[in-house]
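To start, the structure itself, in structure tokens.
The values are calculated or read from the model by the stated rules, or taken from the named source; none is laboratory data. Fair warning: this is a prediction, and the values are worked out from it, not measured in the lab. For neighbour counting, all protein chains shown are included, and Cβ atoms are generated from backbone atoms with ideal geometry for every residue, glycine included. SASA here: full protein model, heavy atoms, side chains in, ligands and nucleic acids out. Shrake-Rupley method; radii C 1.70, N 1.55, O 1.52, S 1.80 Å.
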Amino acid sequence: MDIVPLGPGFVAELRGVTLADVASDDAAYAATRAAFEQHSVLVFRSQQVTDELQLAFSRRFGPPEVTKVGSHGTGTHFVILSTIGPDGKVVPPDHRLSLRSKANQLWHTDSSFKSVPALTSILSARIIPARGGETEYVSTRLAFERLDLALRNKLENSFAWHDYAHSRSQIAADLATPEERAALPPQCWRMVWKNPANGRGAIYLASHAYAIQGMKAEAGKKLIEELMETATAPDTSYMHQWHSGDVVMWDNRATMHRGRPWPAHEPRLMVRTTISATEADGLDTMRLPSSQAAE
């Protein structure tokens with residue numbers, strides 16, 4: 001397996017290894033997992049992707065999420081990201097599928113709004129537009145390391161609230177349905193996620209974050225905005241140009257990402273599997289202590 005760095009201090013392409021290799025071979029998995037811990041975003045090109053293979057590969061990294069209510073793929077292990085309607089035609093720009101795609105164009109990390117957040121997401125390209133529709137990534141680990149020591153220490157002991165409805169309301173007031181709001185109450189997570197494999201910390205934030213525990217609303221909002229700006233500063237991102245057969249996986253503990261626009265009349269179909277974080281991934285350090293939660 002060859003590891004080819006692609007981005008500004010993170011992201012690598014893995015060559016000489018396939019999803020099937022990782023799914024079936026312990027050595028291939030171990031090498032891929034080590035590269036994942038180091039580089040945060042891994043690119044596999046020219047894969048013969050099926051739903052079954054993608055899920056088998058994904059399961060290597062932990063328990064797969066069951067897709068939430070309100071998403072295309074509800075009740076399965078797949079999130080279908082599509083602008084193609086039941087009639088096979090591209091939906092109009094004001095359709096809910098299109099609006100959800102716009103919401104995914106906000107900087108975020110997957111599942112920070114869930115009671116069990118995500119370790120990694122695996123996204124495969126099935127139908128891609130002729131231009132546009134890239135996915136852009138930034139390293140919140142490198143962003144954390146750019147902060148001064150005093151702020152790093154402060155963040156390590158701070159907790160932020162995340163809410164799915166908050167991010168969706170930035171696109172349309174009713175984009176999060178009542179069923180989604182009921183199923184996905186706000187969650188509170190430590191603002192720095194330390195990787196148990198290497199001890200490196202990363203800012204844990206997303207467009208879902210709306211408040212900081214124990215901080216006045218305006219001050220908390222201001223700090224979140226400043227940290228988001230730091231994490232997404234110019235010249236710190238990697239933009240993935242999709243080709244059919246591409247598969248990209250990323251560490252939700254140490255990155256943020258966003259989709260990029262594409263011509264509204266062109267179809268786009270991507271399939272995502274998401275793996276829940278476990279105690280082995282550092283989850284037990286992220287929860288708000290019960291003493292603070294009771295305040």
Most to least accessible of Asp246, Asp163, Asp284, Asp51 (protein chains only, probe 1.4 Å): Asp284, Asp51, Asp163, Asp246
For the range 1-122: Kirkwood Rh in Å [reciprocal of mean 1/r, alpha carbons]: 16.4
For the chain: accessible area per residue (Å², 1.4 Å): 44
Per principal axis, descending, Cα span of the range 12-72 in whole Å: 37, 24, 20
Net lengthening on full extension, Ile127/Thr232 (0.36 nm per residue, minus Cα-Cα): 35.0 nm
Pairs from Lys68/Lys194; Lys89/Lys222; Lys194/Lys221 whose Cα-Cα separation, in the structure shown, is over 31 Å: Lys89/Lys222
Listed residues Met1, Ala23, Leu288: farthest to the positive end of the dipole of the chain (Cβ charges): Leu288
³J(HN,Hα) computed for each position of the range 12-19 - Karplus, 6.51 cos²θ - 1.76 cosθ + 1.60, integer Hz, glycine/proline x: 8, 8, 9, 10, x, 9, 10, 4
Rounded to the nearest 10 Å², the accessible area of Glu225 at probe 1.4 Å: 90
³J(HN,Hα) computed for each position of the range 116-127 - Karplus, 6.51 cos²θ - 1.76 cosθ + 1.60, integer Hz, glycine/proline x: 10, x, 9, 7, 9, 10, 10, 10, 10, 8, 10, 10
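What is the percent of Cα-Cα separations in the chain that go past 33 Å?
19
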Contour minus Cα-Cα distance for Ser46 and Asp284 (0.36 nm per residue): 82.0 nm
Met249 accessible area, assembled protein chains, probe 1.4 Å, Å²: 0
Area accessible to solvent at Leu6, 1.4 Å probe radius, in Å²: 60
Helix runs (DSSP H) in the chain reaching 18 Å along axis by Cα, Kyte-Doolittle at least -0.5: 26-39, 217-231
Backbone HN-Hα couplings from phi across the range 178-194 [Karplus 6.51/-1.76/1.60, Hz, Gly and Pro as x]: x, 5, 5, 4, 5, 7, 10, x, x, 10, 10, 9, 4, 7, 10, 9, 8
Built amide H within the under 5 Å cut-off of Ala209, gap 5+: Asp163
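Calculate what fraction, in whole %, of the accessible area of the range 188-266 sits on carbon and sulfur atoms when a 1.4 Å probe is rolled over the protein chains.
About 52 percent, which is the carbon plus sulfur part of the accessible surface.
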